[in-house]
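Read through the structure below, which is laid out as C-alpha cells, and then see the notes.
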C-alpha cells in the first residue's frame, strides 16, 4: 500500500478515483501445492483447479494502480498443507486461515478499510456482476462510496417508485418499462434507458428492511439491422447515485477495464503465481511482488513520458537482455584474453600477466556494477537524495 501511495502521489492527480475489485484464476495442478482448490472461471465458463487471487486497485482517468490482493481457497477439492507452519502467529499462517474462512464480501470489506487507513480515498466503487451482492453494496453505502456495478439478470426484486410500488425483477422491469423505449447515447454506439427504483439491502427476511434508491441503467449496442432487442441483447448496470447521467455512468464504469489490463500484464509478463513451490508463503509473495513490479513500471512510464506502460516494460526488457548478452560475451572474451596473457607471461613473467588480468577483471566488474546502479557513487547519490547522508 505504501508503494502504491507513492506512485499515486508522484504520477496521478486525477479528480475521479474509483476502487475496483475483481478476481483472477490461475490454473495449477501440482499435487503437493497447498491452497489449490476448485474455482469457477467465468472467462472459460467452467470450474478449474488452481488459485484465485482477489485484487483491489485504484482506477483514475489516467491509470490503474493495484493496492491489495488476497488469495481465496474454496471448500471444493481444497488441497491441504503438506507441512504445518512453524509459527501459527506468522503473517503467512494468518493469510492462509483467512483464505480458508473469509467470504468474498468479508475480504472486500477488509481491503477497503485498509485503504482508508492508508489515506487512499476514492469516490466510487466499480465491480462486475460477481461482486454486486447486497452485502457489498450495503458496505459501500455505509462508507459513502457511490457504487456503479454490473448486475445479473437474476431474481433480485426491485420496488418501483410509481403509485403501485410493485416488486419486479430486472427482466420484468425490462418488459414493462424499457422495451421499445430505447434512447441513443450521444457519441456512443449504444442505446440506453434508465429507471429509478428501490432496492432492499437486507440479506434475509430476519434482518430489518434497508431500502435505498438506485438507478438501473439498461444498455444495448446499436444494431441498425435488428430493430427489436431480444431477451439477451441488453446489459444491466446499477448506480447508487440516481443523479448521474447515463453517459456518465458508462464513462466511470469504463475505468474498471484497467484491472483487466493489469491481470493480463501480470500473467503474461510479471510472474503472477508462476512459482513452482510447495510453500504457501511463495504464493503470498508472488501476488504482492507482481503488484510491486507493476507499480515500478508505472513510475518508469511516468519518468520516461511513455505513452503506454508496455513501452516502458519492453524498453526495460531490452536493456536487461542487452546486459545479459554482454555478461555472457565477457566470459568468452575473458577466456581469449587469458589465453593471450598466458603467452605474454613467458616473456614478461607470470606476475605481470596476472596483474594485467586482475586489472581487466576489476574494470569490467565496475562497469557491470555501474550499469546495475550498485556502484558506490550512485548509492551515495541516492542516499543524499533521501537525506540519509549530508
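Every read-out reported here was derived from the displayed coordinates using simple, explicitly stated rules and does not represent laboratory data. Quantities reported herein were computed from a predicted structural model and do not represent experimental measurements. Here the Cβ positions follow ideal geometry from the backbone for every residue, glycine too, while neighbour counts run over all protein chains shown.
Calculate the FRET efficiency for residue 78 and residue 16 from the Cβ-Cβ distance with a Förster distance of 56 Å, rounded to the nearest 0.05.
That pair, residue 78 with residue 16, gives E of 0.90.
Report, to two decimal places, the Cα Rg of region 1-158 normalised by 2.2 N^0.38 Å (N = number of residues).
Normalised Cα radius of gyration, region 1-158: 1.13.
Ranking request for peptides 214-222, 148-156, 352-360: highest mean number of other beta-carbon atoms within 10 Å first, then the rest in descending order.
So the peptides 214-222, 148-156, 352-360, ranked by packing, come out 214-222, 148-156, 352-360.
Could you sort the peptides 256-263, 120-127, 39-46 by per-residue average Cβ neighbour count (10 Å cutoff), highest mean leading?
Put in order of decreasing packing, that is 120-127, 256-263, 39-46.
Fully extended, how many nm does the chain gain between residue 43 and residue 101 (0.36 nm per residue separation, minus their Cα-Cα distance)?
That works out to 18.4 nm of additional length.
Full-extension gain between residue 242 and residue 337, please, as 0.36 nm times their residue separation minus the C-alpha to C-alpha distance.
Computed gain between residue 242 and residue 337 is 26.6 nm.
Give the separation of the Cα centroids, region 187-214 to region 1-72, in Å.
27
Could you line up 160, 55, 82 from fewest to most neighbouring Cβ atoms inside 10 Å?
Placing the least packed residue first, the sequence is 82, 160, 55.
Between residue 269 and residue 360, with labels modelled 7 Å along Cα→Cβ, what's the label distance in nm to one decimal, could you check?
3.8
Considering the zone a paramagnetic label at residue 176 would reach in this model (a point 7 Å from Cα along the Cα-to-Cβ line), which residues of region 193-209 have amide N under 17 Å from it?
In region 193-209, the label zone of residue 176 (backbone N under 17 Å from the point 7 Å along Cα→Cβ) covers 194-200.
Please list 62-71, 15-24 highest first by mean number of surrounding beta-carbon atoms within 10 Å per residue.
Descending mean neighbour count gives 62-71, 15-24.
Neighbour counts of other C-beta atoms within 10 Å: give me 277, 37 arranged from fewest to most.
Least crowded to most crowded, the residues run 277, 37.
What is the gain in length, in nm to one decimal, between residue 254 and residue 285 on full extension, counting 0.36 nm per residue of separation less the C-alpha to C-alpha distance?
Full extension from residue 254 to residue 285 adds 8.2 nm.
Apply the Kirkwood formula to region 47-115: the hydrodynamic radius equals the inverse of the mean of 1/r over all pairs of different alpha-carbon atoms; give it in Å with one decimal.
Result for region 47-115 stands at 13.8 Å.
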